[in-house]
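Every read-out reported here was derived from the displayed coordinates using simple, explicitly stated rules and does not represent laboratory data. Keep in mind the model is a prediction, meaning the values are calculated, not measured. Positions of Cβ are backbone-derived with ideal geometry, glycine not excepted, and every protein chain shown enters the neighbour counts.
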Ligand SMILES: Cc1cc2nc3c(=O)[nH]c(=O)nc-3n(C[C@H](O)[C@H](O)[C@H](O)COP(=O)(O)O)c2cc1C
């Protein structure tokens, strides 16, 4: 059986994954935190926490709230910053066979350019995922992914600053996701990943105030799966670069839905908080399905529900 997928066919370096199961940014740390739990190197790729130019403390507590079938988070991009990532994490990744993709986020277009430039050519980093729509940050971030023009500007800037394969991660909090996807593809993205979290809030009734310290947060988990699936379906029909599906994927059956809707690979996010082995369980479930159905190559499944 062949489960390998090429996520950056137009890029010189390419981004070849041994299988299409990735982890979603912000839900799997730097990979190292999970490496004692199972052989994470059996996964297709690891996507690390959103990385900024300077280390960040994140938003005020509380930053997490459970909701029916999901979770609201307003972590606010707590991370160690790009310099520490290059010094402390990349050398570890350089010894791994599983590709690591660094998720980057900036508050200005120039931040993205600097981040991409600093990460270019660093051993242990196989690609960049550009977060253009984090709903947790009040300044910057959220704006870029809501409009095709600004999404394209960030994409073109990052592409000019790196030779690494570039995935652009779309936000669902926009009027027309197909238009944003087309603009990003035209600006040179090697692949598109979607979706990031859906904006939401919760109120603490006893305290009579918003439950999250920063009022609003991003909703993730099974609650957003139908939204994510339809957006993946829509975007896969609008662009001719690989699409990576993300949003509420908890079982191998969820993953198969995304492949059939047109995703070439998938990312597992919130499910990691319930079952840290979820990505591996999902991979094994996909393999079992392929065996049972006599499917020799994962590509036979991609987009089959598109008619
Ligand atoms: C606690 C938490 C932190 C996250 N941090 C990031 C981040 O730093 N960068 C990013 O692009 N997405 C981040 N995300 C979004 C996830 O990568 C993913 O797009 C989203 O949660 C939907 O997938 P899921 O429903 O499988 O979790 C975060 C999500 C959660 C729950």
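Could you please state, rounded to a whole Å, how far the C-alpha centre of the stretch 160-180 is from the C-alpha centre of the stretch 247-262?
So the separation of the two Cα centres works out to 21 Å.
How much length is gained on full extension from residue 2 to residue 143, taking 0.36 nm per residue of separation minus their Cα-Cα distance? Numbers along the way, then the final one.
Values: separation 141, 0.36 × 141 = 50.76 nm, distance 3.94 nm.
Residue separation times 0.36 nm, minus the Cα-Cα distance, leaves 46.8 nm.
How many percent of Cα pairs in the stretch 102-210 exceed 20 Å? Could the numbers behind the result be given before it?
Numbers: 2230 of 5886 pairs.
I get 38 percent for the Cα pairs in the stretch 102-210 exceeding 20 Å.
For the chain, with a Gaussian network of springs between Cα atoms less than 10 Å apart, report the residue from 210, 148, 222 with the top mean-square fluctuation.
In the Gaussian network model the winner is 210.
Assuming 1.567 mPa s and 4 °C, estimate D for the chain with Stokes-Einstein, Rh taken as the Kirkwood radius over Cα pairs, in µm²/s. Write out the running numbers ahead of the final one.
Details: Rh = 19.0 Å.
Rounded to a whole number, D works out at 68 µm²/s.
Test of understanding: ordering 48, 69 by Cβ neighbours within 10 Å, fewest first, what list do you get? Show your work: numbers first, answer last.
Working: 48 25, 69 14.
Lowest count first: 69, 48.
Could you list 270, 174, 67, 47 so that the one with the fewest beta carbons within 10 Å of its beta carbon is first and the one with the most is last? It would help to have the intermediate numbers written out before the result.
Values: 270 25, 174 20, 67 16, 47 28.
In increasing order of surrounding Cβ atoms, one gets 67, 174, 270, 47.
How high is the relative contact order of the chain, given as a whole-number percent (alpha carbon pairs under 8 Å, six or more residues apart)? Intermediate values should be presented prior to the final figure.
On the way: 763 pairs, mean separation 58.6, N = 307.
With pairs under 8 Å counted, the relative contact order is 19 percent.
Give me the number: length gained by fully extending residue 35 to residue 110, i.e. 0.36 nm times residue separation minus the C-alpha to C-alpha distance, one decimal in nm. Don't jump to the answer; show the numbers that get you there.
Values: separation 75, 0.36 × 75 = 27.00 nm, distance 3.41 nm.
Full extension of this stretch gives 23.6 nm more.
What is the stretch 141-282's relative contact order, in percent, from Cα pairs under 8 angstrom and six or more apart in sequence? List each step's numbers first, then the result.
On the way: 267 pairs, mean separation 26.9, N = 142.
It comes to 19 percent, rounded to a whole number.
Please state, as a whole number in µm²/s, the translational diffusion coefficient that the Stokes-Einstein equation yields for the stretch 234-292 at 25 °C and 0.890 mPa s, with Rh defined as the Kirkwood radius across alpha carbon pairs. All intermediate terms of the calculation are to be shown ahead of the outcome.
Numbers: Rh = 11.8 Å.
Roughly 207 µm²/s, to the nearest whole number.
Can you pull a Stokes-Einstein diffusion coefficient for the stretch 1-77 at 37 °C (0.692 mPa s), Rh from Kirkwood over Cα pairs, as a whole number of µm²/s?
Details: Rh = 15.1 Å.
Reported coefficient: 218 µm²/s.
Taking springs between alpha-carbon atoms closer than 10 angstrom, which of 71, 100, 166 fluctuates most in the Gaussian network model of the chain?
Judging by the Gaussian network model, the answer is 71.
Calculate the tail of P(r) for the stretch 190-307: the fraction of all Cα-Cα distances greater than 20 Å, expressed in %. Intermediate results must be reported in sequence, preceding the final value.
On the way: 3291 of 6903 pairs.
I get 48 percent for the Cα pairs in the stretch 190-307 exceeding 20 Å.
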